Amino acid sequence: MTLNEQDATIIKNAIRDIKDFPKKGIIYKDITTLLNNKQAYQTLMNHLEQRYKTYDLDYIVGIEARGFIFGAALADRLKIAFVPMRKKGKLPSTTVCEKYELEYGFDEVEIHLDAFVKNSRVLLIDDLLATGGTANAASRLIKKLDVNLVEICFIINLLIFNSNEKLEKHTNIYSVLNI
C-alpha cells in the first residue's frame with residue numbers, strides 16, 4: 001500500500017526545509033513541523049498503520065532518535081512491541097553492536113541481545129534515508145539476532161543519494177515520501 005497523492009501532499013507540506021543546516025550547502029528536512037501539525041502527523045500514522053497492519057509483525061525497531069517517534073507510535077497502534085536501537089553506550093544491559101563508517105570516522109549502533117524472540121518478524125523504521133550508513137548497519141545488526149527483517153521504512157527518502165540499492169540486499173525498502 002502506497003500513499004495517495006492528497007495525503008502525500010499533506011505530509012510533504014508539513015516538512016520544513018532549513019537551508020545551510022547543519023553546515024553550508026545542506027538542506028535539512030525538519031520533521032518537527034510534521035510532528036506539531038496534527039493533520040499531517042495523523043495522516044502519516046494512519047497510512048503507516050494501514051500499510052503494516054497485515055504484515056503480521058512482532059516488533060518494530062526504531063533507530064535513535066527520530067525513529068523512536070514513529071516506531072513507538074506505530075507499535076502502539078499495531079499492538080506490538082517496540083525495540084529501541086541506540087548509539088553505542090546508551091543501553092543498560094548486554095548488547096550487540098554494529099560499526100559503520102561516517103564521512104569522517106566511524107560510529108556504532110547497538111541493541112539489547114535479548115530484544116527479540118527467535119524467528120520474529122521485525123520492521124525497522126527511521127525518519128530519513130540519505131547515505132544509508134546507519135540503516136545499513138542497523139539492518140545487519142538485526143539480522144545477527146536470528147529474526148526476519150521484513151522491511152525497512154523511511155518517512156523521507158532523499159533520492160539524490162540513491163541509497164536503496166545497498167539496503168535492498170538486506171530486505172524490502174519502503175519510503176513514504178521520495179524527494
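General remarks:
- Only residues that are at negative phi and assigned to a strand (DSSP E or B) were counted across segment 97-131, and they come to 22.
- One residue from I173, I179 being touching a residue at least 60 places away in the same chain (Cβ under 8 Å) and under 23 Å from L34 (Cβ atoms): I179
- L91 vs. criteria surrounded by 16 or more Cβ atoms within 10 Å (Cβ to Cβ), at pLDDT 95 or above and either out of contact with any helix residue (DSSP H, G or I) (no Cβ under 8 Å at 6 or more places or on another chain) or assigned to a loop (DSSP other than H, G, I, E, B) (or both): yes
- Strands (runs of 3 or more DSSP E) enclosed by segment 7-68 - at least 2 residues per element that are without any contact (Cβ under 8 Å) to a residue 40 or more places away in the chain and of a type outside the set (S, T, Y): 16-19, 27-30
- For segment 95-147, the candidate set comprises residues that are within 18 Å of the chain's Cα centre (by Cα) and among the β-branched types (V, I, T); within that set, the residue that is surrounded by the fewest Cβ atoms within 10 Å (Cβ to Cβ) is T131.
- For segment 69-105, filtering for residues that are touching a residue at least 24 places away in the same chain (Cβ under 8 Å) and of a type in the set (A, V, I, L, M) leaves 8.
- Filtered by the rule that a residue be among the acidic types (D, E) and exposed (fewer than 13 other Cβ atoms within 10 Å of the Cβ), segment 1-29 gives E5, D17, D20.
Listed here are the residues, each with its yes/no results for (1) among the small types (G, A, S); (2) touching a Pro at 6+ places or on another chain (Cβ under 7 Å).
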{"site": "E5", "(1), (2)": "no, no"}
{"site": "I11", "(1), (2)": "no, no"}
{"site": "A14", "(1), (2)": "yes, no"}
{"site": "I18", "(1), (2)": "no, no"}
{"site": "T32", "(1), (2)": "no, no"}
{"site": "G62", "(1), (2)": "yes, yes"}
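- Candidate set from segment 48-68 (those that are farther than 18 Å from S120 by Cα, surrounded by fewer than 19 Cβ atoms within 10 Å (Cβ to Cβ) and out of contact with any strand residue (DSSP E or B) (no Cβ under 6 Å at 6 or more places or on another chain)); member that is modelled with the lowest pLDDT: A65
- Residues of segment 136-171 satisfying the condition of being farther than 28 Å from I26 by Cα, in a strand (DSSP E or B) and of a type in the set (S, T, N, Q): N148
The values are calculated or read from the model by the stated rules, or taken from the named source; none is laboratory data. None of the values given here were measured: they were computed from a predicted structure. Ideal geometry is used to build each Cβ from the backbone, glycine not excepted, and the neighbour counts take in all protein chains shown.
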